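Single-structure report; data block below.
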Amino acid sequence: MVIGIDIAKEKHAAQAINFRGIVLTKGPILFSNDLAGFEHLEQSIRKLQKMHGMNDVVVGMESTGHYWFNIANWLVGQGIDVALVNPMTTKRNKENRDNSPSKSDPKDALVIADAVSRGFYTPFAPKDEAFRRIRVMVTNREHWVVKSGRIKNRIHRWLDIRFPEYRQAFDDIFSDRSLATLRRFPAPSDILQLTSEQIVQIWSEYMTRPGGERGKNKALELQSLARHSVGDTSALEEDKWELRDLIEEYERI
């Protein structure tokens with residue numbers, strides 16, 4: 001017996017066929033995405049096995065998203081084989097039964113079961129704990145790398161509009177000195193209101209070694225760039241809050 005499951009966020013739909021493709025369920029087996037729902041599915045499977053005299057069963061589902069993961073692991077834990085079907089296979093075969101590409105959970109469950117019965121699947125086997133932990137770490141890292149990139153792009157855009165000359169002073173605008181500058185005096189007008197000594201003093205709040213000849217020269221360079229900046233100053237005060245929020249978010253990452 002082959003069970004096809006159409007996976008959803010809260011409630012799944014399952015249908016059963018035999019190896020000839022004959023439907024064994026009178027209607028879809030609907031079950032919730034929790035333990036009670038999983039147990040209801042297993043009880044329904046065992047009942048169908050007994051009714052039709054079938055000892056072997058395999059459950060198929062699409063390997064999309066992440067909602068399939070818990071039910072797949074749970075079924076394997078109950079001694080039931082699980083097969084994963086490529087979503088493209090399901091898409092190509094939706095019209096097999098009724099010449100209609102329309103979406104319906106019972107129909108998709110049958111299409112998935114049909115694909116498994118014809119061998120278009122990959123057996124699912126849970127990975128060991130170390131592998132699962134590594135996968136979670138990699139996924140998390142990818143998320144934060146993407147988020148960090150987006151924040152950096154928004155900071156670059158802010159500078160392109162408000163202080164395009166800024167990069168002449170800093171090769172890395174995400175260095176400690178640069179981030180301190182953007183947090184406290186990001187606009188050319190802010191820099192020109194301070195002396196070079198005051199700029200260095202503010203840097204000392206964020207850096208262990210902000211001063212010396214290098215620090216003073218950097219402050220003077222920033223002032224020279226600010227004095228001749230062509231940046232847009234309209235709505236600048238409101239933009240400063242946005243920039244500070246972006247920097248804080250970047251530093252949290």
Practice item. Note down all Cβ pairs under 6 Å where the first residue falls in the range 186-208 and is within 19 Å of Arg244 (Cα to Cα), the second is assigned to a loop (DSSP other than H, G, I, E, B) and hydrophobic (A, V, I, L, M, F, W, C), and they're at least six residues apart or on different chains. Key: Pro188/Phe163; Ile191/Phe185
Point to revise | Number of the condition not met by Val57 [criteria: (1) more than 13 Å from Met1 (Cα to Cα); (2) crowded, with 16+ Cβ neighbours inside 10 Å; (3) not acidic (Asp, Glu)] | key: (1)
Review point. Taking Phe131, is it open to solvent by 50 Å² or more (accessible area, probe 1.4 Å), closer than 30 Å to Gly79 by Cα and of a type in the set (A, V, I, L, M, F, W, C)?
Key: yes
Check your understanding: Among Arg157, Arg118, which is more than 23 Å from the chain's Cα centre (by Cα), open to solvent by 70 Å² or more (accessible area, probe 1.4 Å), more than 30 Å from Asp81 (Cβ to Cβ) and not acidic (Asp, Glu)?
Key -> Arg157
Practice item. Considering (1) part of a helix (DSSP H, G or I); (2) loosely packed, with under 15 Cβ neighbours inside 10 Å, say which one Asp172 fails and leave the rest. Key: (1)
Check your understanding: Which of the residues belonging to the range 200-217 are assigned to a helix (DSSP H, G or I), closer than 22 Å to Pro188 by Cβ and out of contact with any Pro (no Cβ under 9 Å at 6 or more places or on another chain)?
Key -> Arg214, Gly215, Lys216, Asn217
Point to revise | Options Ala109, Ala180, Ala125, Ala113; residue that is without any contact (Cβ under 8 Å) to a residue 60 or more places away in the chain and in a helix (DSSP H, G or I) | key: Ala180
Check your understanding: When Val146 is evaluated against the numbered criteria (1) open to solvent by less than 70 Å² (accessible area, probe 1.4 Å); (2) within 23 Å of Arg252 (Cβ to Cβ), which criterion, by number, is the only one it fails?
Key -> (1)
Check your understanding: Which ones in the range 218-236 are polar (S, T, N, Q) and assigned to a loop (DSSP other than H, G, I, E, B)?
Key -> Ser229, Thr233, Ser234
Check your understanding: List, please: which pairs have Cβ atoms under 9 Å, are six or more places apart or on different chains, and start with a residue in the range 72-95 that is of a type in the set (Gly, Ala, Ser) and end with one that is surrounded by fewer than 15 Cβ atoms within 10 Å (Cβ to Cβ) and outside any helix (DSSP H, G or I)?
Key -> Ala72/Pro126; Gly77/Pro126; Ala83/Thr122; Ala83/Pro123
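The values are calculated or read from the model by the stated rules, or taken from the named source; none is laboratory data. Note that the structure is predicted; figures quoted are calculated from it, not measured. Reconstructed Cβ throughout: ideal geometry from the backbone, glycine too, with neighbour counts over all protein chains shown. Accessible surface areas use protein heavy atoms only, side chains included; no ligands, DNA or RNA. Shrake-Rupley method; radii C 1.70, N 1.55, O 1.52, S 1.80 Å.
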